[in-house]
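To keep things clear, I will list the structure first and then write my remarks on it.
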Amino acid sequence: MDHRARVHRAQRRVPARIPHPGRGARAARTRRVHPASSASAASRSARSIRVSRANGHRVAAPLDSRCSLGERAKLERLVTPDTRLAIVGGGPVGLVTALIAADAGLDPVVIEPRATPIDKACGEGLMPGALRLVRELDLDPPGAPLRGIAYVQGAKRAEHLFAGEGGRGVERTVLHATIAARVAQQGIPVVAGRVDAVEQHDACVTLSGPGLEPLTAGYVVGADGLHSAVRELVGLTREPQRASRRRYGLRRHYALAPWSDLVEVRWTPDVEFYVTPLGPRSVGVALLGPRGVDFGTALAAEPELRALLSADARGESPDQTGSTRGAGPLLQRTSARTRGRVLLVGDASGYVDALTGEGLRLGFAQARAAVSAIIAGDPHGYEREWAALTRGFRGMTSGLVAAARSPLRTAIVPAAVLLPGVYGAIVERLAR
């Protein structure tokens, strides 16, 4: 059975939507590995199936005629995987990884339990570097032009216009639907299942979970977001930041004509508002702040933005569309980005903060680097490339977040006003 026939068979056997298991269920199924006891080893020897351990991987020896058909089929998949690449996570970064991999001839499979498009709290701005990468895939999602970034605090305002091509504000669901349509057009299989077990072998990886027939892949890319199950399953999650320092994000949409073609980052004493034009009658407002922050209360403390959104004293506006979306905690730390044949991209690979708005640009660049490493048969080379791609972002974003938590917070916007060259250089570095 060829690659596509295997995947189509799996698609027919799974439901369209699978509920999330609880955290306890996920923890209980973290690693489904069956080390052979002495009794089972003797039983396998009697059937001439030899399974040994080498560097933490399971290695299957050749079979003889006394193997059952089920045993033979299972172990043959370790020699000939169902697919060369399985991508866990069907968000924008996961689907872009699939498109890049398909262009490289890898015949990828995407595994995602949720229906497309998937909405989430984010700034929804494609910076110039991200927009360039999207266009290289012949994608052109509709939105609003972004000419630069403004930092605003009361009457103080620092602006920088992008040098060269600008960016674009695009609603998250619009961007996701655009990429998903191209994935469907190219015939890339998307399996509606959830991964809750990852078993690594010398030559492949076996994935399984609710709604997912066990699938073997030469390599696996984890693109399953901030709270990546793949990252946890392969043991790459570091201990979380202490609760008192965690930051979260909220987002609302408003059916209003944008009043600026700049992304405005509005600083208050406690939170930052990230305002992005998204279309002729659409504005996105994301809030970044501590756990438990209330959007309406925070907006009521920002009089100018409240007035622009036609909001009342409680921060409520008749122009709000849809519900308030949330995400966090934002900081996600990883011990490494690869383990064996598993590579992490996007938010799953580690995340600092949304304040600089570079999540998609970095995720798309990481997708290219991961596919290149897989083609080269050098997954550890991706670790080096990941570090090079993210070093500047991690340093500048960590420094800005540290300043925002310190007594220097109120000096950030005045400093940008007084040092426009420095402010502009930082914006350009992050945007490209």
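The values are calculated or read from the model by the stated rules, or taken from the named source; none is laboratory data. If you're wondering where the values come from, they're calculated on a predicted model, not measured in any experiment. Here the Cβ is made from the backbone with ideal geometry for all residues, glycine too, and neighbour counts use every protein chain on show.
Overview of results
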{"item": "Residue satisfying condition, being surrounded by 24 or more Cβ atoms within 10 Å (Cβ to Cβ) and at negative phi, within set Val174, Val198, Val183, Val190", "result": "Val198"}
{"item": "Residues of region 177-204 that turn out to be among the aliphatic types (A, V, I, L, M), farther than 20 Å from Leu95 by Cα and either outside any loop (DSSP other than H, G, I, E, B) or in contact with a His (Cβ under 8 Å, 6 or more places away or on another chain) (or both), as a count", "result": "2"}
{"item": "Which listed residue, of Asp294, Asp378, Asp319, is among the charged types (D, E, K, R) and more than 30 Å from Leu256 (Cβ to Cβ)", "result": "Asp378"}
{"item": "Inter-residue pairs, beta-carbon under 6 Å, first on the phi > 0 side of the Ramachandran plot and in region 301-320, second acidic (Asp, Glu) and not in a helix (DSSP H, G or I), 6+ apart", "result": "Ser310/Asp319"}
{"item": "Subset of region 387-426 [of a type in the set (S, T, N, Q) and touching a strand residue (DSSP E or B) at 6+ places or on another chain (Cβ under 8 Å)]", "result": "Thr410"}
{"item": "Selection count, region 385-412, where residues are in a helix (DSSP H, G or I) and more than 30 Å from Val371 (Cα to Cα)", "result": "12"}
{"item": "Failed criterion for Arg384 (all others in (1) of a type in the set (Lys, Arg); (2) free of Cβ contacts under 8 Å to residues at least 60 places away in the same chain; (3) over 30 Å from Asp202 (Cβ atoms) hold)", "result": "(3)"}
{"item": "Boolean, Ala416 is in a helix (DSSP H, G or I), buried (at least 23 other Cβ atoms within 10 Å of the Cβ) and in the same structural domain as Ala158 (by TED's automatic domain parsing)", "result": "yes"}
{"item": "Residue satisfying condition, being over 18 Å from Lys120 (Cα atoms), outside the structural domain of Pro379 (by TED's automatic domain parsing) and among the basic types (Lys, Arg), within set Arg325, Arg291, Arg252, Arg314", "result": "Arg314"}
{"item": "Matching residues in region 364-380 - criterion: being crowded, with 16+ Cβ neighbours inside 10 Å and small (Gly, Ala, Ser)", "result": "Ala365, Ala367, Ala369, Ala370, Ala373"}
{"item": "Test set (1) charged (D, E, K, R); (2) touching a residue at least 24 places away in the same chain (Cβ under 8 Å); (3) in contact with a helix residue (DSSP H, G or I) (Cβ under 7 Å, 6 or more places away or on another chain) - Glu264 fails condition number", "result": "(3)"}
{"item": "Odd one out for Glu232 among (1) in contact with a strand residue (DSSP E or B) (Cβ under 8 Å, 6 or more places away or on another chain); (2) outside any loop (DSSP other than H, G, I, E, B); (3) not aromatic (Phe, Trp, Tyr)", "result": "(1)"}
{"item": "Some residue of region 114-127 being of a type in the set (Asp, Glu), closer than 30 Å to Thr410 by Cβ and either in contact (Cβ under 8 Å) with a residue 60 or more places away in the chain or in contact with a Leu (Cβ under 8 Å, 6 or more places away or on another chain) (or both)", "result": "yes"}
{"item": "Options Thr410, Thr390, Thr397: the member that is surrounded by fewer than 23 Cβ atoms within 10 Å (Cβ to Cβ) and within 23 Å of Leu137 (Cβ to Cβ)", "result": "Thr390"}
{"item": "Residue in region 367-380 that is in contact with an Asp or Glu (Cβ under 9 Å, 6 or more places away or on another chain) and under 29 Å from Gly292 (Cα atoms) present", "result": "no"}
{"item": "Condition broken by Leu139, with the remaining ones in (1) assigned to a loop (DSSP other than H, G, I, E, B); (2) out of contact with any Ser or Thr (no Cβ under 8 Å at 6 or more places or on another chain) satisfied", "result": "(2)"}
{"item": "Strands (runs of 3 or more DSSP E) within region 276-347 that include 1 or more residues modelled with pLDDT under 95, exposed (fewer than 15 other Cβ atoms within 10 Å of the Cβ) and in contact with a strand residue (DSSP E or B) (Cβ under 7 Å, 6 or more places away or on another chain)", "result": "320-327"}
{"item": "Count - residues of region 398-432 that are within 17 Å of Gly129 (Cα to Cα) and in contact (Cβ under 8 Å) with a residue 40 or more places away in the chain", "result": "6"}
{"item": "Condition met for Pro145 (in contact (Cβ under 8 Å) with a residue 60 or more places away in the chain, under 30 Å from Glu272 (Cα atoms) and touching a helix residue (DSSP H, G or I) at 6+ places or on another chain (Cβ under 8 Å))", "result": "no"}
